1. Which count do you get for residues in region 140-149 that are open to solvent by 10 Å² or more (accessible area, probe 1.4 Å) and either closer than 14 Å to residue 117 by Cα or touching a residue at least 12 places away in the same chain (Cβ under 8 Å) (or both)?
2. Among the residues of region 198-210, which ones are open to solvent by 10 Å² or more (accessible area, probe 1.4 Å) and either assigned to a loop (DSSP other than H, G, I, E, B) or closer than 24 Å to residue 147 by Cβ (or both)?
3. Taking into account only those residues within region 127-140 that are under 18 Å from residue 90 (Cα atoms) and touching a helix residue (DSSP H, G or I) at 6+ places or on another chain (Cβ under 8 Å), which is farthest from the ligand (Cβ to nearest atom)?
4. Among the residues of region 315-326, write down those that are open to solvent by less than 20 Å² (accessible area, probe 1.4 Å) and either free of Cβ contacts under 8 Å to residues at least 12 places away in the same chain or over 20 Å from residue 11 (Cα atoms) (or both).
5. If you scan region 43-80, which residues turn out to be of a type in the set (Asp, Glu) and touching a residue at least 40 places away in the same chain (Cβ under 8 Å)?
6. Can you give me the number of residues within region 40-59 that are of a type in the set (Ser, Thr, Tyr), within 20 Å of the chain's Cα centre (by Cα) and open to solvent by 30 Å² or more (accessible area, probe 1.4 Å)?
7. Name the residue that is nearest to residue 162 (Cα to Cα), counting only residues in region 260-296 that are more than 16 Å from the ligand (Cβ to nearest atom) and crowded, with 20+ Cβ neighbours inside 10 Å.
8. Within region 72-91, how many residues turn out to be more than 12 Å from residue 31 (Cβ to Cβ) and either of a type in the set (Val, Ile, Thr) or open to solvent by less than 60 Å² (accessible area, probe 1.4 Å) (or both)?
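The values are calculated or read from the model by the stated rules, or taken from the named source; none is laboratory data. All values derive from a computational prediction rather than experimental measurement. Ideal geometry is used to build each Cβ from the backbone, glycine not excepted, and the neighbour counts take in all protein chains shown. Just so you know, the surface numbers come from the protein's heavy atoms only, side chains and all, with ligands and any DNA or RNA stripped out. Shrake-Rupley method; radii C 1.70, N 1.55, O 1.52, S 1.80 Å.
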Amino acid sequence: MIERPRRLRANKQIRGLCRETRLSASSLILPLFAKDGSNIKSEIPSLDGQYHYSADRICEGVERSLEAGVDKFLLFGLPDHKDEHGSQAFAYDGIVQRALREIRSRFQDEVYLVTDVCMCEYTSHGHCGILNGQTVDNDKTLPYLERIAVSHALAGADMVAPSDMMDGRVDAMRCALDENGFENVPIMSYAAKYASSFYGPFRDAAGSAPSFGDRKSYQMDYHNVKEGLKEAMTDECEGADILMVKPALSYLDVVRLVAENTNLPVATYSVSGEYAMIKAAAKAGLIDEYGVMCESAVSMFRAGADILITYYANELAQAIKKGDIG
Ligand code: PBG
């Protein structure tokens, strides 16, 4: 026998030597939920181990991650007040803006803060933009997204991440940021974002489910892969700095395709439903949580992602440190 692939699997050292996929905690981003109110740290029922924090306590969540080796965060806001135009999304004292200032004043440049730019958590109807009758009006929504992005940058965001899926938003936001002196704030676009049932636990956590209809007229049809690449290439042309594919686990073909067709860093978002499924199956005694967490995260990098947004960021950083993965 000439070929004996098992030679390179004989022990931990040789397996470590020959690993094709390398992971680093520096590639991980943890989502954080900031909620209006004070003195709040409450576990999110749909997302075991994740918390709602009021701005005055959000630093507790940041601190916990820094100890685990994670220093990048993606902020979401849960406002007390919602209206048709999502005005709390761009308010000076909106929940994300206040959370940004709290975290920044405590941790300065120890942390990297990304914000989700969208309207669904802030609108009374739960859609990701301004309505015209029953549909989201693309071009009317763009100026709102611009305002949100600029307000986040003003409050100290290092990077903005539009997740609304309106056409032309990257170009619009790039221009608005530049006009306001934020030419160095990068845009990580949710480029190929699919209309997915995997967002269910997030919508419970963020109170952002649409009050009627669904998001299929703006988020993508999951039958399509060429269209995912087209979305990614469009965002690249409009000036996106990082391209994201979302969800992750059921969309690794899209991650691979985008990674092979761009020179930009590619991010993928392992969404709430992926996390909740692992948690629930582990709770039922059906799978080993740690093993499945590690294996699925590695699969995302193996598919070509450079960056992973995940609710397991803290635990994955520890797994990397221990040498179990990476
Ligand atoms: C906002 C947004 C959503 C998610 C990230 N940004 C919800 C949605 O599009 O309905 C989902 C994240 C997750 O499921 O973990 N538009």
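1. Going through region 140-149 one residue at a time, the tally reaches 5.
2. 202, 203, 207, 209, 210
3. Per the stated criteria, the residue is 130.
4. Once the filter is applied, which keeps residues that are open to solvent by less than 20 Å² (accessible area, probe 1.4 Å) and either free of Cβ contacts under 8 Å to residues at least 12 places away in the same chain or over 20 Å from residue 11 (Cα atoms) (or both), region 315-326 yields 316, 317.
5. Residues satisfying the conditions are 48, 56, 71, 80.
6. Going through region 40-59 one residue at a time, the tally reaches 2.
7. 266
8. So the count comes out to 9.
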